[in-house]
Amino acid sequence: MYRTAKQIHNLIQEANHIILVPHKDPDGDALGSLTAFKQYLTRINKPHTAYCATEIPENFKDLRHVQDINSDETVWQNNNFDLVIVFDSGDLCHAGIDGYVAGLSKKISVINIDHHFTNEQYGHLNMVSPNGSSTAEVVYNFFKYNDIKIDEVMATSLLAGLITDTDFYTNSATSLSSLQITSKLISYGGNLKLIKEIVFKNKTIDVLKLWGAVLSRLKKHETLDVIYTYMTQSDLEKYNIPESVSDGISNFMNNLNDGGICLLFKELPDNKIKGSFRTTNDNFDVSLIAKELGGGGHKKAAGFTIDGPLKKAAQRVFTTIQTYKK
Ligand SMILES: [Mn+2]
């Protein structure tokens, strides 16, 4: 990991123009890691652009540099750029840039900075630590290995990643190193209060009403020991809420003291169904089930997207869990 961090540092020094990319529908870890990096590149006067394939959730706009991330795909025609750094994405498709990268006629390098267990090692350089709590932890190590000073802006951004992925130090990603790094980041001036407000205290009355509707449909699949529910497009329309804002529900379901696996189905506009697994049970590695369904993630939190409609998708997922359990 130390050697990779050094190699990445060299590539950055040599690069003319760098494109930074988080995964689609980015969360606090993807955005925190990217903006910490953006602060570093700004400080060393390295030309760069931050690109996201989808819109950024509204609540992150107060995090420094988030407003400078754009979805303008013409960045991929910029003749000068020669390096892409992808954050918190197990594959290029999840980052929404597989098509752009495959279509480039010139030679560029891709750097993959991540912590997903299912990461496909798609980069020319891969700084991936499957045991890391967050991509923010990997970025923190990148800065440390290269003796890069972590300023207040970087510390605050990295806290956003750690707090998001450990669900405020409650889920199984919470580790000794995540807590040690957090205390370091606070000592560097990281603004924990701001991050708490950005990541958690961000729910409107309508969002909580939507949660209520979704949670009122909770069911238990007795044979599989799966607790599940679903959210439809008409739910989102009714409460006038973008899909990305509904993200916390699956984490909240993890508070249940019942069931082996929690599962949330979300209907997408294109008749696809997005599923999110959560578990706190040591007997399950939900990333393996998600992978089987074409998705990926972590042992205790993973997701996938498959064809709808809902009923058909649910059937397929239950069959897959059944096979996994055998
Ligand atoms: Mn992450």
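Since every read-out is calculated from the coordinates, none of them should be taken as a lab result. Remember, it's a predicted structure, so these values are computed and weren't measured experimentally. Cβ: placed from backbone, ideal geometry, glycine included. Neighbour counts: every protein chain shown.
What number, rounded to the nearest 500 deg cm²/dmol, is the helix-based mean residue ellipticity at 222 nm of the chain, given -39500 (n - 2.57) per DSSP H run of at least four residues and division by all its residues?
Using -39500 (n - 2.57) per qualifying helix, the result is -11500 deg cm²/dmol.
Counting only DSSP beta bridges with both residues in the stretch 205-325, tell me the antiparallel percent, nearest 5.
75
Tilt of helix 2-14 relative to the longest C-alpha principal axis of the chain, in degrees (0 to 90, nearest 10)?
The angle comes out at about 60 degrees.
For a footprinting-style exposure proxy, rank 93, 52, 262 by other Cβ within 10 Å, fewest first.
In order of increasing Cβ crowding within 10 Å: 93, 52, 262.
State the antiparallel share, in %, of DSSP beta bridges confined to the chain, rounding to the nearest 5.
If we restrict to bridges inside the chain, about 40 percent are antiparallel.
Which value, in debye to the nearest 20, gives the size of the charge dipole of the stretch 205-325 about its Cα centre, when Lys and Arg are +1 and Asp and Glu are -1 at the Cβ?
I would put it at about 180 debye.
I need the Kirkwood Rh of the stretch 101-230: take the reciprocal of the average 1/r across all distinct C-alpha pairs and report it in angstrom.
One decimal place: 17.4 Å for the Kirkwood radius.
Alpha carbon centre of the stretch 46-61 versus the stretch 278-312: separation in Å?
After rounding, the separation between the Cα centres reads 27 Å.
Taking the alpha-carbon set of the stretch 205-253, what are its Rg and Dmax in Å?
Over the stretch 205-253's Cα set, Rg and Dmax evaluate to 11.5, 36 Å.
Between the stretch 146-174 and the stretch 79-130, how far is it from one alpha carbon centroid to the other, in angstrom?
Using only Cα atoms to place each centre, the spacing works out to 22 Å.
In whole angstrom, and with the biggest value first, how far do the Cα coordinates of the stretch 25-97 range along each principal axis?
Principal axes ranked by extent give 33, 30, 21 Å for the Cα atoms.
Using DSSP, restrict attention to beta bridges with both residues in the stretch 205-275 and report what percent are antiparallel, rounded to the nearest 5.
The antiparallel fraction comes to roughly 50 percent.
Kirkwood hydrodynamic radius (Cα pairs, Å) of the stretch 205-325?
One over the average 1/r among Cα pairs gives 14.3 Å for the stretch 205-325.
Could you give P(r) for the chain, binned at 10 Å from zero, as whole percent values over all Cα-Cα pairs?
Bins of 10 Å from zero give 6, 27, 35, 23, 9, 1 percent of pairs.
Using θ = phi - 60° and the Karplus form 6.51 cos²θ - 1.76 cosθ + 1.60, what ³J(HN,Hα) does each residue of the stretch 222-230 get, whole Hz, x for Gly and Pro?
Once θ is set to phi - 60°, the couplings for the stretch 222-230 become 4, 5, 8, 6, 10, 9, 9, 7, 8 Hz.
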